[in-house]
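Asker: Input: one structure, supplied below.
Quick note: the coordinates plus some simple rules give every number you see, no bench work behind them. Since we're looking at a predicted model, the values are computed, not measured. Note that each Cβ is placed from the backbone with ideal geometry, even for glycine, and that neighbours are counted across all protein chains shown.
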Amino acid sequence: MTMGAVSSFFAGRNSFEARTPWNGWAAGFMAIGFILFQFAVAGLLGLVLVVVQLDLSIFSKGGFSAGEVSALIDICIVALMASYIITFGFIVFVAGLRGGTAGEVLRLKRPDDFVVNLIIGLVLLVVFFSLLSFVIETFFARDAQQSDAQMKQIFSAIKGSRLLWGGVAIIVIGAPILEETIFRGFLLTSLANTRLGFWGAATVSSALWAMIHGYAASMAVGLFVFGLLLSLLVRRSGSIWISIFLHGVWNGVVTAGMFIAMGNSGL
């Protein structure tokens with residue numbers, strides 16, 4: 001099989017249809033608005049829970065006791081879980097405005113060639129993950145150490161929480177559903193209707209997706225390429241469900257790897 005045939009096989013046929021009443025600029029502002037909305041809801045709910053369960057005076061002290069730290073982490077997890085659910089509902093509501101339907105605007109339809117596209121997606125994910133790990137560890141060791149330190153802080157907090165399952169659910173289920181709905185659903189569909197076309201839209205939406213994570217430059221580039229791969233699967237299947245699943249697998253592998261590494265180091 002020639003390289004052209006291999007490339008054609010993985011590219012597959014285009015099952016993507018950009019049916020949405022939202023234009024590119026409006027969709028871009030709304031995508032950013034969805035992210036800000038989720039942060040605002042999480043912050044507001046967290047503040048309410050602090051007032052109800054603790055007391056705002058704890059922030060005026062010089063530090064927190066171990067019990068207060070544990071309670072604050074639990075509150076953060078609950079607030080984030082609730083904000084993801086509320087924000088997803090808000091996105092579905094917005095997608096149905098202007099005469100649109102959530103299924104079409106967000107690409108929440110049944111995937112075409114589900115099994116084939118899922119297998120191809122898993123193969124691409126393994127290859128991509130292996131190459132990314134090699135490149136970052138070989139050429140960007142400092143970035144890898146910085147990212148690893150950030151991740152350990154987050155996962156150590158989750159690991160010590162009574163709501164460990166909630167923290168894992170946010171990373172493995174909540175984040176993939178919300179982020180794919182915004183970036184590979186709402187934004188990609190809207191931008192693909194402009195002069196950018198599908199791949200221009202995939203480039204812009206993947207870049208924005210990578211930027212919101214705040215990683216080091218090399219990690220952000222890797223995330224950008226991953227976004228393009230997920231966009232390819234949306235193009236092949238006409239749906240975001242496979243990209244949601246593979247995004248969840250990616251986050252699950254990273255989560256399991258971090259917990260294993262922390263266990264081996266005694267954290």
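Asker: Report the paramagnetic label zone for LEU164: residues of region 223-267 whose backbone N is under 12 Å from a point 7 Å from Cα along the Cα-to-Cβ axis.
Answerer: 259-260, 263
Asker: In addition: Any chance you could give the angle, 0 to 90 degrees and rounded to 10, that helix 241-264 forms with the longest Cα principal axis of the chain?
Answerer: Here the helix axis deviates by roughly 40 degrees.
Asker: Can you compute the label reach from PHE129? Point 7 Å from Cα along the Cβ direction, backbone N cut-off under 16 Å, restricted to region 243-262.
Answerer: In region 243-262, the label zone of PHE129 (backbone N under 16 Å from the point 7 Å along Cα→Cβ) covers 243-261.
Asker: Okay, next question. Full-extension gain between ARG98 and ASP55, please, as 0.36 nm times their residue separation minus the C-alpha to C-alpha distance.
Answerer: Full extension of this stretch gives 11.1 nm more.
Asker: While we're on this one: Among 135-142, 163-170, how do they line up by average Cβ neighbours within 10 Å per residue, starting with the highest?
Answerer: Descending packing order for the listed peptides: 163-170, 135-142.
Asker: Picking from TRP199, PHE183, ALA82, whose Cα lies most toward the positive end of the charge dipole for region 17-264 (charges on Cβ: Lys, Arg +1; Asp, Glu -1)?
Answerer: Most positive-ward Cα: TRP199.
Asker: Which distance in Å, rounded to a whole number, links the C-alpha centroids of region 81-140 and region 179-200?
Answerer: The two parts, judged by their Cα centres, are 12 Å apart.
Asker: With no solvent and one equal point scatterer placed on each C-alpha of the chain, evaluate the Debye formula and give log10 I(q)/I(0) for q = 0.09, 0.10, 0.14, 0.15 Å⁻¹, two decimals.
Answerer: Calculated log10 I(q)/I(0) at the listed q: -0.46, -0.57, -1.05, -1.17.
Asker: So how tilted is helix 114-139 from the main axis of the chain? Cα-based, degrees 0 to 90, rounded to 10.
Answerer: Approximately 60 degrees, to the nearest ten.
Asker: Return one number: the angle in degrees, 0 to 90 and rounded to the nearest 10, between the long axis of the Cα atoms of helix 141-159 and the longest principal axis of the Cα atoms of the chain.
Answerer: Helix 141-159 sits roughly 60 degrees off the main axis of the chain.
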